[in-house]
Amino acid sequence: MNRRDLLKSFAVAATSLSATGFSTQLLAAPTVQQRCLVVFLRGAYDASNLLVPISSSFYYESRPNIAIAKPSADPLSALALNADWGLHPALRDSIYPMFQAGEAAFIPFAGTHDLSRSHFETQDSIEMGQELGGSRNFQSGFMNRLAAQLNGTSAMSFTEQLPIIMRGETKVANVALQKASKNSLDDRQSKIIAQMYGKTALEKQVEDGFAVRGEVVQNMKAEEVTLNNDGNRDAISTKGFALEAKRIGKMMRDKYALGFIDVGGWDTHVNQGGANGVLANKLEELGRGLLAYKAEMGSVWKNTTVVVISEFGRTFRENGKRGTDHGHGSVYWVLGGGVKGGRIVGEQIALTANSLFQNRDYPVLNEYRAVLGGVFARSYGLSASQMQQVFAGVTPLDLGLV
């Protein structure tokens, strides 16, 4: 079999092991101590029921069926954060204790000034992190540019395909963890491919790709045995986020300084629910996964930052199907052992009918590039000129979170 036929047979590209969900691009171990994971909630989650504006009577008028009750002894009521804001009760055992311990903060009225309200367009825009209205480079994501400023810091995208946010000149590995254990290449095939690229310019990349794949597959097999013994397979049935978070935590703790994962399914137009229901279940899963990530990071948690973002928020008023539609401003989360949390930060306004953007949404008062730029600058001690390489034309907003 010649080289061309072998490539067709295995469907393996020179720089990607697409059959296994692994990229062969791999960097050295982190040269910085700080870890940062960005979690992207694709579908635009309803931030108004996550961070509940408990002091706004207009909120309760606008959501007669799905509002979260003001804090009380009822376990289904909001968890008080301060006089104006409460937290969804689904996060009582996960994110709420982090907030109380000063390891979690929330930034309301955050997001992009992109007004398309299109999931895909806005996601792409955010991931690029480039100025609106100018030329767009879909091969340059802001986390790739950040990695370039960190002098060889290794980065991993925990996704099947390399997303825009991680594309660029810096080499970044990617892996879809849920598919990693279903390896379609056996040892014999792997050896043939490795030999084929021996003594070529791609030899090191191919070797690194197989090394990453082997490491993750072995870790996953070991964890699956443990889960079977404990009878704790519910973590997998809840879209696997809790299990994924544990695996991500191990890899971030041991090898990678920058990480990215996206979690889908947040587009709740119909029967969203309030304290119970679809959104509540998703928030509980997400919180449980983030708690598992924290636990897996161990002592490194004190040098870890997790940022949770979404493409936009949702309409402030519920719709006729007891759901919410595409909105504008959102709420970002910042978690970590070194985070100066226990606070709601950034520019804020009282929520009334007159303060809504276009009479329907949260306004964007804390532009996402400025917010993230402030977090990255403080986390890594980056200069103003370095931050311009990450977010051109932006003055970082220092909210004192790290």
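FYI, it's all coordinate maths here, none of it is from the lab. Note that the structure is predicted; figures quoted are calculated from it, not measured. Here the Cβ positions follow ideal geometry from the backbone for every residue, glycine too, while neighbour counts run over all protein chains shown.
Annotations
- Between S355 and A384, the simple label model (points 7 Å from Cα in the Cβ direction) yields a spacing of 3.2 nm.
- Set K302/K340; K171/K302; K199/K255; K255/K302; K70/K294; K250/K282 screened for pairs whose C-alpha atoms are more than 21 Å apart: K171/K302; K199/K255; K70/K294; K250/K282
- Cβ-based net charge around T122, under 11 Å, with every Lys or Arg adding one and every Asp or Glu removing one: -3
- Report note on the peptides 340-353, 259-272: ranked by the mean count of other C-beta atoms within 10 Å, highest first, their order is 259-272, 340-353.
- Euclidean distance between Cα centres, the stretch 54-132 to the stretch 344-364, Å: 12
- Each of V278, V172, V394 was scored by other Cβ atoms within 10 Å of its Cβ. Listed from fewest to most, they are V278, V394, V172.
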